Amino acid sequence: MPKTDMELTHRSPWELLVATILSAQCTDQRVNQVTPALFKRYRRPREYAQAAVPELEGLIRSTGFYKSKAKHLIGCARAVDERFQGCVPSTMDELTSLPGVGRKTANVLLGNAFGQPAVIVDTHVKRVANRLGLTRSEDPNQIETDLQSVLAPIQWTPFSQRLLLHGRYVCLARKPGCTTCVLYDECPWKGKLPR
Ligand code: SF4
């Protein structure tokens, strides 16, 4: 399976939060094209909180859904600035209290910015975990629990990151790369392609 590097470019928890919000319905590559100018224009949460909406929207437009993403960024920035003294919080409850931040985004932050055990469940992890027989659920929260139950906490973040990348680059939704997949022999999925 691929290496576990986080593909979103960032230098701080706040930048990772911004990049993760922008990555919804968008590729990491596209986000990484947009963030250098964005991170140069706005640095601290307070600067995002005070941003002129049309300018912020213009900077993130190519990531898609830019109006709602701008709204979430400004809402998050205000909450981080006002409630957490400008520092991104590091607990699940606090993170998910931020506008537009759900468990998946919170787990990305916990696992990649704060070094805490966190199972990240996105659409790729959901698909691959089911195909590999690690869960039988379509519910992200249940999949998170199922993966937690079969892994040591130290493996939660790197393993889910590997599942994510495996789904993104090999075990594709419509045309899984079974013929070259290193997990072929272990994969119990009845729909896998013959070699
Ligand atoms: S064998 Fe095919 S279906 Fe199974 S994990 Fe590999 S790519 Fe996915």
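Every read-out reported here was derived from the displayed coordinates using simple, explicitly stated rules and does not represent laboratory data. Just so we're clear, the structure is a prediction, and the values are computed from it rather than from any experiment. Cβ placement follows ideal geometry from the backbone for every residue including glycine, while neighbour counts extend to all protein chains displayed.
Over 31 Å between C-alpha atoms is what I'm after, so list which of 69/192; 67/175; 104/192; 104/190; 40/71; 71/175 land there.
Numbers: 69/192 37 Å; 67/175 33 Å; 104/192 27 Å; 104/190 28 Å; 40/71 19 Å; 71/175 35 Å.
In this structure, 69/192; 67/175; 71/175 lie more than 31 Å apart at Cα.
Going 7 Å from the Cα of residue 12 toward and past its Cβ, which residues in the range 74-100 have a backbone nitrogen under 16 Å from where you end up?
74, 76-90
Expressed as an acute angle from 0 to 90° and rounded to the nearest 10, what is the orientation of the C-alpha long axis of helix 66-83 relative to the principal long axis of the chain?
Rounded to the nearest ten degrees, it is 70.
Please identify the longest segment of the chain free of exposed GluC sites (Glu not before Pro), where exposed means a DSSP state other than H, G, I, E or B and no more than 13 other Cβ atoms within 10 Å.
So the longest stretch without any such site is 1-137.
Return the single residue from 150, 31, 88 with maximal mean-square fluctuation; model: Gaussian network over the chain, springs between Cα atoms under 10 Å.
Sorting by GNM fluctuation, first place goes to 150.
At 0.36 nm per residue, minus the direct Cα-Cα distance, what do residue 83 and residue 116 gain on full extension? Give it in nm, one decimal, please.
9.7 nm
Relative to the Cα centre, what is the charge dipole magnitude of the range 123-186, using +1 at the beta carbon of each Lys and Arg, -1 at the beta carbon of each Asp and Glu, and rounding to the nearest 20 debye?
That gives a dipole near 320 debye.
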